[in-house]
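K.L.:
Quick one: this structure, given as structure tokens, is what I'll be asking you about.
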Amino acid sequence: MSPFIAEIIGTMLLILLGNGVVANALLNKTKGGDAGIVGIAIAWGLAVYVGVLVAGPYSGAHLNPAVSIGLAFAGKFEWSEVPMYILGQCIGAALGSILKVASYYDHYKATDDLDLKLFTFANMPAISNPIPNLITELVGTFVLVFSVLYIVGPELEIDGQTTAIGLGSLGALPVALIVIVIGFSLGGPTGYAINPARDFIPRIMHSILPIGEKRDGLWSYSWIPVVGPILGGIIAAGIFLLLQ
């Protein structure tokens, strides 16, 4: 499996299972309506576990543009590979959204709350205030990328060049645990996107896929789960380098 295909499949599994638990918890007439924040946070961590488990040996399983950019800033990943990884992550996020809607199609049609429908694709702030919302996404992603930088290790050969690959270094479990604690500790204000591909691409798919009546995609907020995580990843890389 090529790194590009691995990022597609890993991110597809991440979005299918991660946003799948949100759909299970929020949509009408499912059997998981009592999952709550505990179920969502744990399942999102396990979704990361599955994605990293599958993609890790082939791409390092970044599954997140902020991780790819952060690792590149820290000198742990080749800048030339970043666009390919981000493209794979975006394709995977779109495919995961399609599979999730296919799985919950009848439940989308049975749900009248249009905000809940959107929330199964993308994040909405609990209290809308751009600067605090941005800071929350920045801090959450900082924790993720800063922690990841301390578990990167093995290298991958791509086209004759050796590069550090990142998330597959100690297996999938450490990253899953990091995501779980971020969800419990920092997930309340914004829903902890901490991943531009996880929020922006599903937000687009919300506008495209047939889920019955829907609201607008809250595009006025959509820049925050993109800019915040990228800034968080860059700051994490900068502080990591300062501490070396």
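K.L.:
Taking 35 Å as R0, compute the FRET efficiency from the Cβ-Cβ separation of MET84 and LEU177 and round it to 0.05.
P.N.:
0.80
K.L.:
In a Gaussian network model over the chain where Cα atoms closer than 10 Å are linked, find which of ILE208, ILE86, ILE40 has the largest mean-square fluctuation.
P.N.:
Ranking ILE208, ILE86, ILE40 by mean-square fluctuation puts ILE208 first.
K.L.:
How big is the gap, in Å, between the Cα center of the range 200-224 and the Cα center of the range 92-113?
P.N.:
With the range 200-224 and the range 92-113 each reduced to a Cα centre, they are spaced 12 Å.
K.L.:
Next up: For a Förster distance of 51 Å, can you work out the FRET efficiency between the beta-carbons of SER128 and LEU99, rounded to the nearest 0.05?
P.N.:
0.95
K.L.:
Order by neighbour count: GLU78, GLU213, fewest other Cβ atoms within 10 Å first, most last.
P.N.:
GLU213, GLU78
K.L.:
Taking 7 Å along the Cα-to-C-beta vector as the label spot, tell me the ASP106-VAL38 distance in nanometres, rounded to one decimal.
P.N.:
Inter-label distance under the simple model: 2.9 nm.
K.L.:
While we're here: What ranking of SER103, SER222 emerges when the number of other C-beta atoms within 10 Å of each C-beta is taken as an exposure proxy, fewest first?
P.N.:
Fewest-to-most ranking of SER103, SER222: SER103, SER222.
K.L.:
If you plug each phi of the range 103-118 into the Karplus form 6.51 cos²θ - 1.76 cosθ + 1.60 with θ = phi - 60°, what whole-Hz ³J(HN,Hα) values come out, in order, with x for Gly and Pro?
P.N.:
So the J values, rounded to whole Hz, are 6, 10, 3, 5, 6, 4, 5, 8, 9, 9, 6, 6, 5, 5, 4, 4.
K.L.:
Computed from the coordinates I sent, Cα extents along the principal axes in Å equals one of (i) 60, 45, 32; (ii) 52, 38, 28; (iii) 48, 40, 38. Tell me the label.
P.N.:
So the calculated entry is the one marked (ii).
K.L.:
Right, next: Order of TRP223, TRP44 from fewest to most other C-beta atoms within 10 Å?
P.N.:
Final ranking by Cβ density, sparse to dense: TRP223, TRP44.
No value in this document is a laboratory result; all are computed from the given coordinates. Small disclaimer: the values here were computed from a predicted structure and weren't measured. Virtual Cβ from ideal backbone geometry, glycine too; neighbours counted across all protein chains shown.
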